1. Test of understanding: what is the full-extension gain from ALA16 to SER230, defined as 0.36 nm times their sequence separation minus their Cα-Cα distance?
2. What is the Cα centroid distance between the stretch 113-170 and the stretch 1-78, reported in whole angstrom?
3. Once R0 is set to 22 Å, what does the formula 1/(1 + (r/R0)^6) return for the Cβ-Cβ distance between SER55 and LYS287, expressed as a FRET efficiency to the nearest 0.05?
4. What percent do you get for the relative contact order of the chain when only Cα pairs under 8 Å and 6+ apart count?
5. Net charge near PHE150: determine it from the other residues with C-beta under 12 Å of the C-beta of PHE150, scoring Lys and Arg +1 and Asp and Glu -1.
6. Convex hull over the Cα atoms of the stretch 5-279, averaged projected area in nm²?
7. Net charge near SER159, counting Lys/Arg +1 and Asp/Glu -1 over other residues with Cβ under 11 Å of its Cβ?
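Taken together, the values in this text are just the output of simple stated rules run on the coordinates, not laboratory data. The structure displayed is predicted, hence computed values, not measured ones. Cβ: placed from backbone, ideal geometry, glycine included. Neighbour counts: every protein chain shown.
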Amino acid sequence: MTNPTVHPHMPHVAVASACVLGEGPVWDERSNTLFWVDIKNPGIWRYHPETNEHSRIDAPERVGFIALTPDPDVVIAGFKSGLARFNLKTGLLEPIVAPEKDKPGNRINDGYVGPDGAIYFGTMHDDETDESGSFWRWDGKELSRFHSGFIVTNGPAFSQDGQTLYATDTTNGIIYAFDADKGKLGEPRRFARFEEGWGHPDGMAVDAEGYVWVCHWGASRITRFAPDGSVERIVPVPTAQVTKCAFGGPDLSTLYITTASIGHDPHVDPMAGHLFRLDTGGIRGMKTSIFEG
């Protein structure tokens, strides 16, 4: 890759949240609210851009992602122990399904509601040493595994037409693509591989044009990949550990970016762990799917 296009706008701090491991931004258009999680200081954050109000709710255990449900006050949370319904007002917790009861060293990491209404998520080894992680699909009735043998998983995310699922082997720097048809996935193929010096691929978002925005853990940037896997542009981010992004705002043209402060000296990296926002220059995302299962 030579002389890639650099995005004309820089991300700015939206909320100085200083998360230990910020992750999983999700935009709820019903209330114009952004949600995200702090995995290792377990909590769920909410931010209202119109009023600049933000708040944090303690989570009962490590939480990798949340998914919206028809009730705006209830989310599906990917806890260490499994998927559960979590009431943000009352704190009521209702376990749903535990994918890996036989692997106490694992936890759920990133997750996402696909266009088919199912939740696609990954598990990983919490100490990041064993290849015990897998990717899963839960439609409210059936839990199925579709790829395994990973230390750290990230994604998944779907293409704008719902025909391709992207999922990441973070440790080995590979983003896979799967052909998708009504919940059935084909064999994985390599979509992109991170080059030396790029850090590790973390969370991602797909825009309405089918381009994939991938966050770089340890490299202070986001890359926008074209559907053919080539690099279309890079977005510099003013902190090293960039974890995930999501489109939000009234017209879905603001990119919200979570970051992590774990292992970083705040005097050296003072913006680590904050939530950022980016003007995409008119590039729009897609509406967040709601889990109704």
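1. Once the chain is fully extended between ALA16 and SER230, it gains 73.7 nm.
2. Distance between centres, Cα-based: 19 Å.
3. Plugging the Cβ-Cβ distance into 1/(1 + (r/R0)^6) gives 0.35.
4. Dividing the mean separation by the residue count of the chain yields 20 percent.
5. -4
6. On the way: hull surface 54.1 nm².
Averaged projected area of the stretch 5-279's Cα convex hull equals 13.5 nm².
7. So the surrounding residues net to -4.
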